[in-house]
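Student: Before we start, here is the structure in question, set down as structure tokens.
The values are calculated or read from the model by the stated rules, or taken from the named source; none is laboratory data. Only a predicted model underlies this, so the values are computations on that prediction, with no experimental measurement involved. Glycine also receives a Cβ, built like all others from the backbone with ideal geometry; neighbour counts cover every protein chain displayed.
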Amino acid sequence: MKMRATSFAHNQAVTNLNVEDGFSIKGSIPKTIIYMVLMLFVIGFVAGGFILAAIHNPILLIVVVVIFGFVAALVTWNIYYGTKGVIGFVSRYPDADLRTAKDGEYVKVTGVVTCGNVPLESSFQRISRCVYTSTCLYEYRGWDSKAANTQHRRFTWGLRSMERHAVDFYISDFQSGLRALVRAGSGACVTPYVDESIVIDVNPDNKDMSPEFLRWLRAKNLSSDDRIMRLKEG
């Protein structure tokens, strides 16, 4: 049975992935801890500066600066290169043989993927028999244009709408030829690393040239107005 996007949210066999970035330190650490760490650094800088001015001893200030630089570098790497680092680690990790794999063991399996009992269909292009679908609508915000979301900064692309779903699927191991069921549906914890392709770029000058895109917006109750939009699917 092929599942259309309108019924995904109400089907228990489908995992709805509503997070823009599955690997980010910003979303994995509570804000309370972040604020506490920032306060500790502020206190450290103030205390180090006071000691330096009072007794001309820069040791505490140097220690705080070094620790702050290390933490800042780690956070910066995570934000900008974290996903690439994970993909690189997975690509270098050796493939497992399903014949010798044990229960509870983390394994990497490379093989041919086939649909399970509930195949998916992409939202815009209507590509059928998928095990994972992602359709994301982005908007560019200029100086006086509307924000796509509450965190959308000017002169950047912001996420306005996202539909990401995953279901159970089968994978045939290249090494052993065995077929395994991967439990990606029914609310499973899934972190996708699937490249998305630009399907369409829309601006006020060419939005009428894509009636399919306008129909898709109306079906999703999204207005077009005079926005610069980009649709990606993967």
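Student: Does residue 176 meet the test of being in contact with a Leu (Cβ under 9 Å, 6 or more places away or on another chain), at pLDDT 85 or above and either closer than 30 Å to residue 109 by Cα or surrounded by 15 or more Cβ atoms within 10 Å (Cβ to Cβ) (or both)?
Tutor: Details: in contact with a Leu (Cβ under 9 Å, 6 or more places away or on another chain): yes; at pLDDT 85 or above: no; either closer than 30 Å to residue 109 by Cα or surrounded by 15 or more Cβ atoms within 10 Å (Cβ to Cβ) (or both): yes.
No, not satisfied.
Student: Here is a further query. Which one of these does residue 72 not meet: (1) in a helix (DSSP H, G or I); (2) surrounded by 13 or more Cβ atoms within 10 Å (Cβ to Cβ)?
Tutor: Among (1) in a helix (DSSP H, G or I); (2) surrounded by 13 or more Cβ atoms within 10 Å (Cβ to Cβ), the lone unmet condition for residue 72 is (2).
Student: Would you check which residues across the range 134-155 are surrounded by fewer than 19 Cβ atoms within 10 Å (Cβ to Cβ) and either at pLDDT 90 or above or among the aromatic types (Phe, Trp, Tyr) (or both) and list them?
Tutor: Result: 140, 143, 155.
Student: Which residue pairs have Cβ atoms under 7 Å apart, sit 6 or more places apart or on different chains, and have a first residue in the range 198-213 that is surrounded by 18 or more Cβ atoms within 10 Å (Cβ to Cβ) and a second that is of a type in the set (Gly, Ala, Ser) and not in a helix (DSSP H, G or I)?
Tutor: From the range 198-213, the pairs are 200/210; 202/210; 207/224.
Student: Quick test for you: out of 131, 86, 118, pick the one residue that is under 21 Å from the mean Cα position of the chain (by Cα), surrounded by 13 or more Cβ atoms within 10 Å (Cβ to Cβ) and at pLDDT below 90. Before you say what the answer is, go through the steps one by one.
Tutor: Working: 131 fails: at pLDDT below 90; 118 fails: under 21 Å from the mean Cα position of the chain (by Cα).
Answer to the check: 86.
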